[in-house]
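Chemist: This structure is in structure tokens; I'll ask about it shortly.
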Amino acid sequence: MAWSIAGAVAATLLLLFPAVVSGGAAAGEGRRLHTLFSVECGDYFDWQAVGLLHSLSKAGQPGGVTRLLSCAPDQLSSYRGLRIGHTLQVPSYSRHPRTGDWYPAINKPAGVVHWLEHSPEADNVDWVVILDADQIVRGPIIPWELGAEKGKPVAAYYGYLKGCDNILAQLHTAHPEFCDKVGGILVMHIDDLRALAPLWLSKTEEVRQDKSHWSTNITGDIYGMGWISEMYGYSFGAAEVGLRHKINDDIMIYPGYTPRIGIEPLILHYGLPFKVGNWSFSKLEHHEDGIVYDCNRLFPPPPFPREVEVMESDQNVKRALYLSIECINTLNEGLLLHHTSVGCPKPEWSKYLSFLKSKKFSELTKPKYWSSLKVENKVTVQHAALSKSRHPKIHTLFSTECSSYFDWQTVGLMHSFRLSGQPGNITRLLSCTDEELKNYKGHDLAPTHYVPSMNMHPLTGDWYPAINKPAAVLHWINHVQTDAEFIVILDADMIMRGPITPWEYGAKLGHPVSTPYEYLIGCDNILAKIHTRNPSACDKVGGVIIMHIDDLRRFAMLWLHKSEEVRADKEHYATNITGDIYASGWISEMYGYSFAAAELNLRHIIRSDILIYPGYVPLPGAKYKVFHYGLRFGVGDWSFDKADWRNNDMVNTCWAKFPEPPDPSAITKGDQNARERDLLSIECGRALNKALYLHHKRQNCPRLSTTIGRISKKMEEVSTSNEFESVTQRTTVGRKAEPMDVTGQQSVERAAETVSRVHRSSRLARSSKMWIFAVWAISVLVFLLVISMFFSDRRRSVSRSRSSRSQKAHI
């Protein structure tokens with residue numbers, strides 16, 4: 001009996017004090033561990049907290065876990081999530097108490113400072129792990145196993161924090177040479193955190209107020225709005241204290257990205273959209289989702305593992321897909337258990353629920369442990385020094401100009417880049433004149449390197465915007481320090497469908513990878529003989545380029561010079577020489593590329609399975625990574641041509657979008673080639689519209705109903721001046737200016753269609769109500785008539801009965 005009681009007491013202690021058990025004797029060795037993460041009051045953070053807490057429990061994370069909950073007093077009364085995990089309420093800094101600045105991200109350092117000053121937990125801890133709410137933990141995060149030391153925290157690499165290398169660091173820390181580009185996960189000694197935390201907060205405030213240095217080319221913030229000031233606050237604060245990070249590029253991965261071979265990341269950070277096949281997930285689409293409080297509702301399930309198995313032949317890419325589905329499955333498992341814990345009824349059986357409860361899923365998601373191999377490598381990644389065994393770093397470039405035409409293309413490409421799982425960072429090379437920059441509104445659309453415009457050649461006066469591409473690449477090479485080994489060069493009018501990597505296609509020094517451009521017939525005739533000493537090495541390529549950085553450094557200047565040379569050779573503009581259907585020298589830049597590569601004897605690996613033009617029949621089995629929508633394409637009565645939208649401000653016109661392509665279910669199953677062609681065309685059209693929708697949502701565009709009402713009022717004003725009819729009779733876009741500008745015309749036409757649908761539905765609703773009223777009135781009349789007849793018959797019957805009795809009485 002005594003043993004049973006002792007066992008029960010021991011089990012209770014295990015449940016109540018996991019930190020004591022995990023530390024054991026180690027507690028005396030200074031190994032007491034605590035995990036922190038910061039959230040705000042709201043449904044958005046609640047479902048993230050449920051997922052993170054569940055994953056920490058499942059991973060066997062030792063020590064306690066505290067949720068730092070930042071809430072304003074007026075939020076607490078209606079907040080539903082106070083019982084989610086062990087919580088410390090901290091004052092909200094979302095609206096700064098001194099400056100009034102709205103910046104919720106500052107709650108993270110402010111919450112940590114509050115915890116250090118007011119929580120007894122902070123006095124009984126040796127090591128602290130700080131996570132973000134939008135993470136799934138796959139295994140225990142043990143500081144000493146990761147190589148953390150006092151004065152040397154461990155963190156993940158955040159390469160886009162370019163402010164560590166420029167004037168931003170020089171302005172905000174006395175030790176810019178110590179600025180580390182880190183974030184995501186922070187593992188440090190409690191003494192280091194005590195020294196750092198106040199500076200983390202004050203440096204965040206400092207960078208946030210430095211609006212003159214918010215631009216993308218200084219901070220790397222794609223929105224140019226100071227949104228990542230907190231990250232710089234951490235890096236600058238750490239530099240000021242003298243902390244030197246052990247930067248680990250393997251411990252954390254974004255779902256959709258491909259891990260290094262042999263690596264099991266411990267953290268899945270789902271801060272970016274990701275997809276598996278036709279399924280996708282973006283946390284921003286669930287910003288106001290009360291899924292935590294809707295019994296038995298889960299996020300849309302991803303494909304099952306056996307479906308993923310047949311999606312991809314490359315084993316490492318397949319691993320990336322498995323990580324993506326593991327992320328959302330663990331999140332859903334956490335929601336399911338949370339719903340059960342709050343008394344939700346037992347959910348109905350489904351194949352997916354059965355899988356989440358299965359032994360197979362439990363086996364697939366059992367805790368992962370940091371292996372001895374990684375322990376050996378952990379210090380080699382300090383300051384982003386790369387291990388020789390890992391894949392080389394990649395940087396992606398694309399060239400645009402200051403115009404609304406390139407802006408909507410940029411929105412489409414950037415959205416697809418985030419979904420594609422492309423490794424490394426991306427930079428937009430933006431060619432603008434000084435005058436154009438004064439009025440340009442699209443600075444925040446992408447990480448940007450600004451270059452002088454060559455539209456009008458400064459020496460010849462030739463108008464040839466295409467030359468901006470080689471000129472911009474040359475400018476970037478000469479003005480930007482990069483640690484990337486390979487550069488991927490794309491065009492703005494592309495949609496990425498997957499990662500484009502040198503290791504997949506075999507790119508190496510002296511052997512770039514590109515896609516076939518067979519119409520460059522000048523490689524086979526007099527044009528090549530005139531413009532290169534090595535015409536036999538002229539490759540007909542373009543579109544997508546993967547090139548070693550050393551090749552690009554030798555090549556970029558020659559690419560520009562050869563483009564200028566071919567452009568000046570007007571005697572050989574003819575179509576039968578160049579293949580240019582306009583015979584105007586418009587593809588001189590493409591020949592400049594091929595002739596320069598031939599001059600340096602760069603021999604391309606030409607791949608036909610990387611890029612496809614929508615509207616073309618795909619090659620059997622090809623898994624294309626890029627749509628190039630440079631030509632008109634269509635499905636049935638629907639078609640799309642980028643040139644039709646040259647003068648439309650799709651980015652700054654709220655809820656502007658392109659005509660929706662047909663639904664894939666409408667595609668006939670007859671000709672398989674035609675079906676696959678049409679499905680790819682639909683995918684491209686939908687991707688552009690999805691990118692625009694999410695952009696408008698991020699820009700806080702007013703709800704569509706509000707917009708329709710405003711435009712409807714505008715329509716009435718236009719109608720009174722007899723202009724509306726003439727405007728709506730015009731067709732699509734790209735035409736000469738008429739009484740109303742094209743953008744206004746499109747907005748009004750779209751609004752007119754929407755309003756007419758609303759009015760139509762309103763008329764139908766009123767009509768339905770009239771019919772219901774009429775039927776009800778007739779029913780009442782019929783009922784009254786029947787009742788009247790009934791009582792009338794009854795009175796006559798009673799009258800006859802009385803008359804009969806009266807007669808009998810007289811007899």
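Chemist: Which ³J(HN,Hα) values, rounded to whole Hz and listed in residue order, are derived for segment 346-354 from phi using the Karplus coefficients 6.51, -1.76 and 1.60 in 6.51 cos²θ - 1.76 cosθ + 1.60 with θ = phi - 60°, glycine and proline given as x?
Modeler: 4, x, 5, 5, 8, 4, 5, 4, 4
Chemist: Which cross-chain or sequence-distant (5 or more) residues have an amide H under 5 Å from the amide H of Val125, H modelled 1.01 Å from N in plane?
Modeler: none
Chemist: Within the P(r) computed for segment 491-590, what percentage of the Cα pairs occupies the region above 22 Å?
Modeler: In whole percent, the long-distance tail amounts to 34.
Chemist: Show me, for segment 297-311, the HN-Hα J-couplings you get by feeding each phi into the Karplus relation (A = 6.51, B = -1.76, C = 1.60, θ = phi - 60°), rounded to Hz, glycine and proline as x.
Modeler: Once rounded to whole Hz, the list reads 8, 10, 5, x, x, x, x, 6, x, 5, 6, 5, 4, 9, 7.
Chemist: Give me a comma-separated list of calculated 3J(HN,Hα) values for segment 67-80, in order, Karplus coefficients 6.51, -1.76, 1.60 applied at θ = phi - 60°, integers in Hz, x for any Gly or Pro.
Modeler: With the stated coefficients, segment 67-80 comes to 8, 8, 9, 9, 9, 6, x, 6, 7, 4, 4, 9, 6, 9 Hz.
Chemist: Quickly rank 356-362, 450-456, 319-325, 193-199 as a protection proxy: mean count of other C-beta atoms within 10 Å, highest first.
Modeler: 319-325, 193-199, 450-456, 356-362
Chemist: Using the structure shown, select from Lys625/Lys690; Lys441/Lys625; Lys275/Lys657 the pairs with a Cα to Cα distance greater than 24 angstrom.
Modeler: Lys441/Lys625
Chemist: Right, something else. Where the centre of each part is set by its Cα atoms, how far does segment 453-521 sit from segment 91-131, in angstrom?
Modeler: 45
Chemist: Work out Dmax and Rg for segment 425-500 from the C-alpha atoms and quote the Rg first, both in angstrom.
Modeler: 13.7, 41
Chemist: Collect residues whose amide H, placed 1.01 Å from N in the peptide plane, falls under 5 Å from the amide H of Ser453; neighbours closer than 5 in sequence don't count.
Modeler: Answer set, sorted by chain and number: Cys432, Thr433.
Chemist: Ok, one more. So, counting K/R as plus one and D/E as minus one, what does the shell of residues with Cβ under 13 Å around Asn468 add up to? All intermediate terms of the calculation are to be shown ahead of the outcome.
Modeler: Details: positive: Arg428, Lys469, Arg567; negative: Glu401, Glu436, Asp462, Asp491, Glu564, Glu589.
Result for the neighbourhood of Asn468: -3.
Chemist: Which trypsin sites (Lys or Arg not before Pro) does segment 59-153 hold that lie in a coil by DSSP with at most 16 other beta carbons within 10 Å?
Modeler: Those that pass, being in a loop and sparsely packed, are Arg80, Arg83, Arg98, Lys150.
Chemist: When the Cα centres of segment 264-292 and segment 174-192 are compared, how far apart do they sit, in Å?
Modeler: 27
Chemist: If amide hydrogens are placed 1.01 Å from N in the peptide plane, which non-local residues have theirs closer than 5 Å to the one on Val182?
Modeler: Tyr158
Chemist: What distance in nm lies between label points placed 7 Å from Cα along the C-beta direction at Leu76 and Ala583?
Modeler: Computed distance between label sites Leu76 and Ala583 equals 8.0 nm.
Bear in mind these aren't lab numbers, they're just calculated from the coordinates by the rules spelled out. What you are looking at is a predicted structure, and each value in this text was computed from that prediction instead of being measured. Note: ideal-geometry Cβ built from the backbone for every residue, glycine included; neighbour counts use all protein chains shown.
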